[in-house]
Amino acid sequence: MSMFKWVEVDPEPGTPVLPHQRLPWGKTAGLGAQHVVAMFGATFVFPLIMGLDANLAILFSGICTIIFLLITSNKVPSYLGTSAAFVASVAAIRAQGGDSAEVTGAILVGGLVLMVVGVLIHFAGARFLHALLPPAVTGAVVMLIGFNLAPVVAGVYWPQDQWIALITATFMVFAAVVLPGFWSRIAVFLSLIFGYLLSFFSDKVFGQINSVVSGQNVDENGVSQAFDHDRVSWAAVKTADWFGLPSGQLADGVDVVHAPSFSLSFILVVLPGVIALIAENTGHVKAVAEMTGEDLDPYMGRAIGADGFATALASSFGGSPTTTYAENIGVMSATKVYSTAAYYVAAFVAIILGLCPKFGEVVNATPGGVLGGITVVLYGMIGLVGAKIWVENRVDFGDPVNMVGLAGGIIAGVGGVSLVFTDDFTLEGIALGTIMVIAYFHLVNRRRGSGAGQVTEALSHKE
């Protein structure tokens, strides 16, 4: 059967619709739109946080979703939205003076590494990967990536409007936990709208706010100074075209669409994010397999490699990194519709939105306080995913291999510890923390034969 021929079905609600099946096209279009809503909030928030273009991000999210579906032969339903795995690395790069071209260059290399890992897994199986990155190590790396972002919230977004940030964060917590079903799955999107409207009405009721906005009102020393400004400004929205390719310049002066540049120091900062992407993609494929009842292990390597290729492709034009989205897993779980046809619809809708500069400027006008409220929750959730990996895999912290082997690397990563080799080459933060976690864990694990045996046994059960 052709990859693009889906068996049309129209069962009762709650009856599963498998990847090779589809509802009538009208209902499929509705499901596709629902997937766009689910991925929307995070896909736009993360480019804004990384200082990249939101329009370009959603354009490539659509393109990359189609590529992912093709590489996985329409067997793994997924939407590729903007990844949070590199957010902390990007913050570190910018803190060291790197510009957007160096950011996308480092991410491009990370994407290529992920693609190679996917190819290796496809042909050699996942055993070697599990041996290098057992759950204890993977959880630690993901945790230090998330918690490393705390200073970004505290120093960049939260101070722009602390009360809007607090109210938005409170709403997001409520929405994610209390709202029913699908609505809780799009808590980021709902919080974005809520915070945006709250900021708009605050401008009308309370007037302008005096605060520091990164990249604006810069003094002769390049430091942003506090100034009076509206929380929501649509000046750029009014002048933007309704249709066109993403264009213009980013806040640091680099063109929105640009060729990447490469720095070894920055590349090493980004590489730990690859571990998080491996974990995300592996979890996605296993979750889809469990929901559909289909054996998707043969497509694990393809899925990881496809995400790596998509990330490299997007970054080569100045776009944001991609990953499979848990938000869309939630939509499938709620609807029982796993048809890949719905994802093609979602991808084409995203491409259309990405070609609307006016729409992109609306997103770019998101107030800093709103981003502060959303990211203070999101970043904590990223960090706690590491703890979730530990819990789900029953990592024993009564075992000194786990307790002592991971401790130093986590503190080095979260605390921003640095190791200076030369004036031009320094390992610090996430990069140094990840290396220490992997090296220390395997150092003590290999010295104790029984520990190595336990890990190998656990890995065999995991596979």
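Would you mind finding the one in Ala259, Ala306, Ala279, Ala310 that is within 15 Å of the chain's Cα centre (by Cα) and over 26 Å from Ala387 (Cβ atoms)?
Ala310
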> If you go through the stretch 312-326 one residue at a time, do you hit one that is in a loop (DSSP other than H, G, I, E, B), on the phi > 0 side of the Ramachandran plot, crowded, with 20+ Cβ neighbours inside 10 Å and of a type in the set (Gly, Ala, Ser)?
Replying inline: yes
>> Quick test for you: out of Val119, Val76, Val113, pick the one residue that is touching a Leu at 6+ places or on another chain (Cβ under 9 Å), in a helix (DSSP H, G or I) and of a type in the set (A, V, I, L, M, F, W, C).
In response: Val113
> Do you know which of the residues in the stretch 91-124 that are of a type in the set (Val, Ile, Thr) and over 13 Å from Ser263 (Cα atoms) is nearest to the chain's Cα centre (by Cα)?
Replying inline: Val113
>> acidic (Asp, Glu) and without any contact (Cβ under 8 Å) to a residue 60 or more places away in the chain: is that true of Asp255 in this structure?
In response: no
> Is the stretch 32-39 home to any residue that is surrounded by fewer than 24 Cβ atoms within 10 Å (Cβ to Cβ), farther than 28 Å from Gly416 by Cβ and either at pLDDT 85 or above or touching a Pro at 6+ places or on another chain (Cβ under 6 Å) (or both)?
Replying inline: no
> What is the one condition in (1) among the charged types (D, E, K, R); (2) at pLDDT 80 or above; (3) over 26 Å from Leu149 (Cα atoms) that Glu102 does not satisfy?
Replying inline: (3)
> Hey, among Val331, Val345, Val349, which residue is in a helix (DSSP H, G or I) and modelled with pLDDT under 80?
Replying inline: Val331
>> Residues that are modelled with pLDDT of 80 or more, crowded, with 18+ Cβ neighbours inside 10 Å and of a type in the set (Lys, Arg): list the helices (runs of 4 or more DSSP H) wholly contained in the stretch 358-459 that include at least 3 such residues.
In response: none
>> Taking the conditions exactly as written (assigned to a helix (DSSP H, G or I), within 29 Å of Val156 (Cβ to Cβ) and touching a Phe, Trp or Tyr at 6+ places or on another chain (Cβ under 6 Å)), does Ile93 satisfy them or not?
In response: yes
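When you go through Ala136, Ala187 one by one, which is the residue that is closer than 18 Å to Phe44 by Cα, aliphatic (A, V, I, L, M) and surrounded by 20 or more Cβ atoms within 10 Å (Cβ to Cβ)? So that I can check it myself, show each step before the final result.
Details: Ala136 fails: closer than 18 Å to Phe44 by Cα.
After applying the criteria, what remains is Ala187.
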> Looking at Gly81, Gly62, Gly98, which one is assigned to a strand (DSSP E or B), among the small types (Gly, Ala, Ser) and either buried (at least 22 other Cβ atoms within 10 Å of the Cβ) or in contact (Cβ under 8 Å) with a residue 40 or more places away in the chain (or both)?
Replying inline: Gly81
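Only one of Leu197, Leu190 is without any contact (Cβ under 8 Å) to a residue 40 or more places away in the chain and more than 30 Å from Phe397 (Cα to Cα); which?
Numbers: Leu190 fails: without any contact (Cβ under 8 Å) to a residue 40 or more places away in the chain.
After applying the criteria, what remains is Leu197.
Matching residues to (1) touching a Phe, Trp or Tyr at 6+ places or on another chain (Cβ under 9 Å); (2) in contact (Cβ under 8 Å) with a residue 24 or more places away in the chain; (3) of a type outside the set (A, V, I, L, M):
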site: Phe359; (1), (2), (3): yes, yes, yes
site: Val362; (1), (2), (3): yes, yes, no
site: Ile374; (1), (2), (3): yes, yes, no
site: Ala387; (1), (2), (3): no, yes, no
site: Arg394; (1), (2), (3): no, no, yes
site: Pro400; (1), (2), (3): no, yes, yes
site: Leu406; (1), (2), (3): yes, yes, no
site: Gly409; (1), (2), (3): yes, yes, yes
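The values are calculated or read from the model by the stated rules, or taken from the named source; none is laboratory data. If you're wondering where the values come from, they're calculated on a predicted model, not measured in any experiment. All Cβ positions, even for glycine, are placed from backbone atoms using ideal geometry, and neighbour counts span all protein chains on display.
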